[in-house]
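**Q** Supplied in structure tokens, the structure appears directly below.
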Amino acid sequence: MEITAIYPGTFDPVTNGHIDIIARAARLYSKVIVAVAVSSNKVPLFDVEQRVKLLEEVTVKFDNVTIIGFDNLLVDCAKQYNVNVILRGLRAISDFEYEFQLAGMNRRLSPDLETVFLTPAEQYEFISSSMIKEIARLDGDVSSFVPKVVQEHLIEKFNRG
Ligand code: COA
């Protein structure tokens, strides 16, 4: 059976931790759709087109990975793309409560859709996009946390290009 997974998130910006999860998912599933949320509760630094474009660039080597932007309910977006599995990354116990709630809500909304959790390699466990943005804004070195192209975009955004 062909299984398609959707990996949703804000990806503002994509980090090496996200890419680690995408690489694992690409090995597990026939098709992986990385779904960039347009309207989340956060005010993003990069607009959705930029976030999609950056993700496309950094995942170009994975043949079975597609990037989309979405602005509707995740479960509806999943239906649209005939998805079987929602994929989320779990970095630490602190992620669990929110993820448990999200998975529960999504199951109520679409009982046939399973949520699956993957953990990133341990060197990525502490990475978060907001920390990356703060470090970049304060002129710190983010080169070991994000791909080069993302680092360049961050530098440009904070006007130090
Ligand atoms: N490596 C590094 N960082 C990671 C990571 C990994 N493997 N996995 C998650 N993160 C970080 C992200 O960078 C982000 O950090 P930040 O908060 O500092 O920006 C944080 O973990 C969580 O972000 P993310 O995984 O992108 O999730 P989110 O909480 O921003 O996204 C949606 C939530 C988009 C999935 C959810 O709001 C959604 O489904 N929205 C659509 C509308 C909908 O259906 N709503 C009802 C849901 S019940």
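**Q** Identify, please: which residue in region 9-30 is within 10 Å of the ligand (Cβ to nearest atom) and assigned to a loop (DSSP other than H, G, I, E, B) and is, among those, surrounded by the fewest Cβ atoms within 10 Å (Cβ to Cβ)?
**A** Result: T10.
**Q** Can you name the strands (runs of 3 or more DSSP E) wholly within region 31-143 that have at least 3 residues being more than 9 Å from the ligand (Cβ to nearest atom) and over 20 Å from D12 (Cα atoms)?
**A** 114-118
**Q** Still on this structure, please answer the following. Can you name the residue in region 31-48 that is of a type outside the set (A, V, I, L, M, F, W, C) and open to solvent by 50 Å² or more (accessible area, probe 1.4 Å) and is also farthest from I127 (Cα to Cα) among such residues?
**A** Of everything passing the filter in region 31-48, K31 is farthest from I127 (Cα to Cα).
**Q** Which residue is most open to solvent (accessible area, probe 1.4 Å), if the candidates are limited to region 79-115 and must be hydrophobic (A, V, I, L, M, F, W, C) and under 16 Å from A25 (Cα atoms)? Step through it out loud before you land on a result.
**A** Here is the first cut: in region 79-115, the ones hydrophobic (A, V, I, L, M, F, W, C) are 83, 85-87, 90, 92-93, 96, 100, 102-103, 105, 109, 113.
Narrowing the set further to residues that are under 16 Å from A25 (Cα atoms) leaves 83, 85-87, 90.
Numbers: V83: 18, V85: 14, I86: 3, L87: 0, L90: 35 Å².
Checking each candidate, the answer is L90.
**Q** Answer with yes or no whether N72 is closer than 26 Å to A121 by Cβ and more than 16 Å from the chain's Cα centre (by Cα).
**A** Taking the combined requirement at face value, the residue does not satisfy it.
**Q** Tally the residues that are without any contact (Cβ under 8 Å) to a residue 12 or more places away in the chain and of a type in the set (A, V, I, L, M, F, W, C), restricting the search to region 49-88.
**A** Result for region 49-88: 1.
So that you can scan it fast, the table gives a plain yes or no per residue for (1) among the charged types (D, E, K, R); (2) modelled with pLDDT of 95 or more:
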| site | (1), (2) |
| --- | --- |
| Y29 | no, yes |
| S40 | no, no |
| E56 | yes, yes |
| T59 | no, yes |
| N72 | no, yes |
| K79 | yes, yes |
| I86 | no, yes |
| F96 | no, no |
| N106 | no, yes |
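**Q** Also, quick follow-up: Can you tell me which condition E2 does not meet? The list is (1) in a loop (DSSP other than H, G, I, E, B); (2) more than 13 Å from the ligand (Cβ to nearest atom); (3) touching a residue at least 40 places away in the same chain (Cβ under 8 Å), and all the others hold.
**A** All conditions are met except number (3).
The values are calculated or read from the model by the stated rules, or taken from the named source; none is laboratory data. Because the structure is predicted, anything quoted here is derived from the model rather than measured. For neighbour counting, all protein chains shown are included, and Cβ atoms are generated from backbone atoms with ideal geometry for every residue, glycine included. Just so you know, the surface numbers come from the protein's heavy atoms only, side chains and all, with ligands and any DNA or RNA stripped out. Shrake-Rupley method; radii C 1.70, N 1.55, O 1.52, S 1.80 Å.
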